[in-house]
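The values are calculated or read from the model by the stated rules, or taken from the named source; none is laboratory data. In this text, all values refer to a predicted model and were calculated from it rather than measured experimentally. Every residue, glycine as well, gets a Cβ built from its backbone with ideal geometry; the counts of neighbours run over all protein chains shown.
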Amino acid sequence: MELKRRSIRLPTQSEIHLWLISNSMWNRTRCLWMGVGQRATSGRLLCRHIRTSVAAPAKMFVDTENQFAHGILEESSKPYQILRSSMMAGGVLSTKMTTTQGWLVGANRHDEKPDSLYADFLGLVEHCQSTNTQLSEPCFKDFVRNLCDQMHHFTDDQLLGLLHGLSQLPTPESTKSPNYMELWNTLDIECCRRIERWPTNQLLLVSDAWYQLGLARIGEYVWQALRKLGRKVRKLPPEQLVQSMFLCNLLRRPVFEMFDFEMNLARCVNDMTLQELGVMAMGFFKTQTPIRNPELLAQLYTRLEAELDTVEDITLVAMLKVLRYSSKLPQVEALHRLLRSLQSQVERVSLLTCLHMALLGCELQTCDDQLIEKILLRFERQLDETRLKDMERICLAMGLFNFTSSSQVEQRLIQSLPQLLRQRLDEIVRHPRCFTNCLQFISMRGIHDLELLGVAMEPRFIRHTYPSGLPGRDYFHLDTFAQLLGEKYQGSRLTDKQRQQMGKMYTQYIPANDGRFKLNSTDRILVEIRDSAAPLFRGLSFKHILPNYERCDLVICYDRAQQRSLATDSTNCPADYSGIVLTREHLLGPETAANANVDTVAIVIAGWNNVIREKNRFTGQFAMKLKQLRQLGHKPVVIYWHEWRSLETTADRQNFLKRRLRQDANI
């Protein structure tokens, strides 16, 4: 049944192009005019396509990473179950078997033996190869139907031969092409029927045949075979374990208990090459399965560091991905060692690999400044050939790590990005979230472009970026940033309704000891500070002064002239989770806010994830929050999590608060 398009009309790509060039920013960019002229007639919807016709290529989900991983298995001397051409030439597709042309007979022949049908199929494959004929031709319909009807009589080797033969045919226009779809679908059903009686090697061999056919993710067989293999993952030998994980990577679906892969890998990690460990790493990452065993992680760090000079880019990227995804605080020391060792590899590997080197420490806020500087210098040389997606991620590294290099390369890169973004219209239309994230990340370093910001905040572009609902957190940050620019920015903003919805969706709950929510370590510190400060100051309250940041802060309103604290103005202060940026007028009321002797102090907790590890600086986002608080007229007072944890008694805590507030806020 043919699918219908949604009734809600989204702007076409040509309409977005025309709107963009109507903006003064794009008018000043000559190359963008040329890009619009080339693409103005495309007329494709700027949304996820709902296909009304069959257009998917038959060889689906082919990518370099999977090809590389399969090549590792294919070239290994270990007994991997790979369907090789040499195997087929000496076995079920042996040249000793005479091919026939029974496929030319128009009528169904239900009494024909499987061997004869199989020989007919081989003849059909030879004919299609030599004449470049598609299997979807009507003249093959009766033969394919007869072949499908008799397939349950075929031997296991003949099923393999059918799969291999299908992979040798000229690539069909679609997986749903007539005859082709009937044949592979029947093969899929027949293979699934035999799963329970096939041993592990046969399951893997047939799975490899489906991979080489290019239909592993479409058919059901590979997934069902993995489910059976998942029952005994702990007992698999190394080569079967690696090949099973390759299939998980291929499907991007975990089996029932991925922890068994980890346990078996820990047992036989020394029996695998680094390339095989790279295949395992691909599977863990693609199935979103972190490695939890600290001893195994330590071994992976050691193996990778020892073979850095010879490791291939794809293997290195796979290892970096899974280490970034899996590493926790106990792995920080090993992470530091690896980051230092990676410095010598920056010029040897590809730019994409350099990017993943830069991102390695992001989850743990761990940065090697020399490594980042070398990577940025490499990006500076090759910036024109960098994809928008890679720009977004390198901007994340520059924004998060908040570092200043001796060469000032990060400043040059960030300052050149706005002009470079003007030249990337096609990529911005295809990947609008990368564009808005770039703007957010460079704003952490104090760089903004009013025209680019105006394009991103235009309602039409917001609908294009988030066509299905509420804008993401990137827009929450950009809208707050635009508000704090004041009269300098005259462009569009989010609506009040959108900000209110974001305030409820993107901000965390206000911590309380009432048992409704489980407090994390930072929330517990906030509650303890409030309880310790309550005897000293009245009217304390938790507020999301900047709602684009998840966590609330403890607010103290203090009159220095009278040396007493004040309660917040409940009449002017908006309700919690409203998404409104709180100014002094909101907290104090208009009259009191005008009094220069009255301060609004925000006690902000610097958790371990707000500080660059072993560096004397905050992350870019936390530094930006402090800057924006000061811009609003508030006085931020930062308390580090480790400082507060070292205080044992209530008296110690109160004395500490008095000293810190006197030092940072003069109260």
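Residue check: is residue 494 outside any helix (DSSP H, G or I) and either crowded, with 17+ Cβ neighbours inside 10 Å or assigned by TED's automatic domain parsing to the domain that holds residue 582 (or both)?
yes
So if I check each of 567, 575, which one is free of Cβ contacts under 8 Å to residues at least 40 places away in the same chain and closer than 19 Å to residue 496 by Cβ?
Result of the check over 567, 575: 575.
In segment 531-541, is there at least one residue being within 17 Å of residue 582 (Cα to Cα), assigned by TED's automatic domain parsing to the domain that holds residue 629 and surrounded by 15 or more Cβ atoms within 10 Å (Cβ to Cβ)?
Within segment 531-541, one or more residues are within 17 Å of residue 582 (Cα to Cα), assigned by TED's automatic domain parsing to the domain that holds residue 629 and surrounded by 15 or more Cβ atoms within 10 Å (Cβ to Cβ).
Hey, any hits in segment 150-171 for a residue that's β-branched (Val, Ile, Thr), outside any helix (DSSP H, G or I) and within 16 Å of residue 124 (Cα to Cα)?
Within segment 150-171, one or more residues are β-branched (Val, Ile, Thr), outside any helix (DSSP H, G or I) and within 16 Å of residue 124 (Cα to Cα).
Looking at residue 196 and the list (1) within 21 Å of residue 159 (Cα to Cα); (2) of a type in the set (Asp, Glu); (3) surrounded by 23 or more Cβ atoms within 10 Å (Cβ to Cβ), which single condition is not satisfied?
Of everything listed in (1) within 21 Å of residue 159 (Cα to Cα); (2) of a type in the set (Asp, Glu); (3) surrounded by 23 or more Cβ atoms within 10 Å (Cβ to Cβ), residue 196 misses just condition (3).
How many residues are of a type in the set (A, V, I, L, M, F, W, C) and in contact (Cβ under 8 Å) with a residue 40 or more places away in the chain when one looks only at segment 174-202?
Final tally of qualifying residues: 2.
Can you name every residue in segment 295-313 that is assigned to a helix (DSSP H, G or I) and surrounded by fewer than 14 Cβ atoms within 10 Å (Cβ to Cβ)?
Once the filter is applied, which keeps residues that are assigned to a helix (DSSP H, G or I) and surrounded by fewer than 14 Cβ atoms within 10 Å (Cβ to Cβ), segment 295-313 yields 295, 302, 306.
Anything in segment 646-665 that is over 16 Å from residue 584 (Cβ atoms) and touching a residue at least 24 places away in the same chain (Cβ under 8 Å)? List them, or say none.
If the condition is that a residue be over 16 Å from residue 584 (Cβ atoms) and touching a residue at least 24 places away in the same chain (Cβ under 8 Å), then 650, 653, 654, 657, 658, 661, 664 are the ones that fit.
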